[in-house]
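Below is one structure, written out as structure tokens; comments come after it.
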Amino acid sequence: MDSLPDYAQLQRPAETGLPLAWGVWGEEDQLGTLNNITEGTVQAAAGLIRRGARFNLDLPLHVPYAVVNPDAHQWRGAPVQTIDARETAGLPVRDDRLDSFYLQGSSQWDGLTHIGDPRHGFYNAVQPQQITGGEGTRNGIENMAEFCIAGRAVLADLPRHFANTGRAWHPNTQQVVSADELGACLSAQGVTLQPGDTLLVRLELFLGAPDPETRDAVLRPRTFSGLSGDEDMWAFIWDNRLAAVAGDTPTVEVWPLQPERPSLHLGIPRLRLTLGELFNLEALAEDCARDGTYLAFFASSPLNLRGGVGSPPNAMAIE
């Protein structure tokens, strides 16, 4: 990892002036920033397990789209479960299946084929015709599954930090959190980032709203507050050698995106940023606030789906 170029040293094709980190981990790489996780970072993170307290970071698969009004998303919805009943050798047996299961319809990792660069294609020069879901498909979510994501998690509890500093905050009013503000939050929590960290960013879930209409009013406008998607945040993530950034909103970054402007989603193909969305951080945040410790061991096992565009994270934090 020490041989990686700093953000300012990355190549910048002239047409946009934005960096392109292709080839940094090799021309065939399909992991990007996850390469910042090493056996050493995982071994060191295991020492964070003190009490054995475990926190599930996945929302139920039907959340959020089954708890808001229909058509809250342009195409995604909640999966439909069918439970089949049968009998085998006199034993009652149940089997089930999911229909309309959008792999990015609840807590999720964005895979490398989720977003491409309009000029260059997908990460590491992969072109659309190479994304088939079949044999030889490129940049599928199975690469993350085979890699096995584990290591140190750092929680940045921005709403609590802003409450302490007097900064107004609401999760869907398009407020922007700069890299400096994110760093200040971590500093106030007594945390210094290390290579291979997964940064969990609490921006505040909308799911505590009492009824579908109130929840819908948060989700449907798609005007989310969040992290800056500009180069200040690109440099922050890259130079801190983060493995991944995951938040508890549908986008992590401020939304909607602005055409011809940098965004964390554009950073997926250009830097191979690893983004997670709609993580369930409430119980972990409550625990961290009680004991003042914002570090935990983190493990995530995405679906081993060949050519998958995204996946539920199947993630947990252990303290």
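Here are a few things to note about the model shown:
- Close pairs from segment 291-319: first crowded, with 20+ Cβ neighbours inside 10 Å, partner in a loop (DSSP other than H, G, I, E, B) and aromatic (F, W, Y), Cβ under 9 Å, at least 6 apart: G310/Y102; P313/F279; A315/F279
- Residue count for segment 220-256 under the criterion of being in contact with a His (Cβ under 8 Å, 6 or more places away or on another chain) and either of a type in the set (F, W, Y) or farther than 28 Å from T41 by Cα (or both): the result is 1.
- Any hit, segment 209-230, residues being in a loop (DSSP other than H, G, I, E, B), touching an Asp or Glu at 6+ places or on another chain (Cβ under 8 Å) and touching a residue at least 60 places away in the same chain (Cβ under 8 Å): no
- Test: residue in segment 142-157 that is surrounded by 12 or more Cβ atoms within 10 Å (Cβ to Cβ), over 20 Å from G267 (Cα atoms) and either modelled with pLDDT under 95 or among the basic types (K, R) (or both): yes
- Residues of segment 235-261 that turn out to be out of contact with any Leu (no Cβ under 6 Å at 6 or more places or on another chain), in a loop (DSSP other than H, G, I, E, B) and either among the acidic types (D, E) or closer than 14 Å to Y7 by Cβ (or both), as a count: 2
- Exactly one residue out of R86, R76 is farther than 24 Å from V218 by Cα and of a type in the set (K, R): that is R86.
- Exclusive hit being modelled with pLDDT under 95 and not aromatic (F, W, Y), set R76, R51, R94: R76
- Among the residues of segment 240-282, those that are surrounded by fewer than 24 Cβ atoms within 10 Å (Cβ to Cβ), closer than 30 Å to R54 by Cα and touching a helix residue (DSSP H, G or I) at 6+ places or on another chain (Cβ under 6 Å) comprise R241, R272.
- Taken together, the residues in segment 190-224 that are more than 20 Å from I268 (Cβ to Cβ) and at pLDDT below 95 amount to 19.
- If the condition is being at pLDDT 95 or above and crowded, with 20+ Cβ neighbours inside 10 Å, then segment 161-173 contributes only H161.
- Against the list (1) over 24 Å from A150 (Cβ atoms); (2) part of a strand (DSSP E or B), the condition R290 fails is (2).
- Scanning segment 43-98 for residues that are under 20 Å from the mean Cα position of the chain (by Cα) and part of a loop (DSSP other than H, G, I, E, B) yields a count of 13.
- Subset of segment 136-166 [in contact (Cβ under 8 Å) with a residue 12 or more places away in the chain and in a loop (DSSP other than H, G, I, E, B)]: T137, R138, N139, G140, I141, C148
- Number of positions in segment 10-35 that are surrounded by 10 or more Cβ atoms within 10 Å (Cβ to Cβ) and either at positive phi or not in a loop (DSSP other than H, G, I, E, B) (or both): 6
- Every pair of residues 6+ apart whose Cβ atoms lie under 8 Å, when the first sits in segment 86-97 and is surrounded by 10 or more Cβ atoms within 10 Å (Cβ to Cβ) while the second is part of a strand (DSSP E or B): V93/A85; V93/R86; V93/E87; R97/Q81; R97/T82; R97/D84
The values are calculated or read from the model by the stated rules, or taken from the named source; none is laboratory data. Keep in mind the model is a prediction, meaning the values are calculated, not measured. Cβ sites come from the backbone with ideal geometry, for glycine too, and all protein chains shown count toward neighbours.
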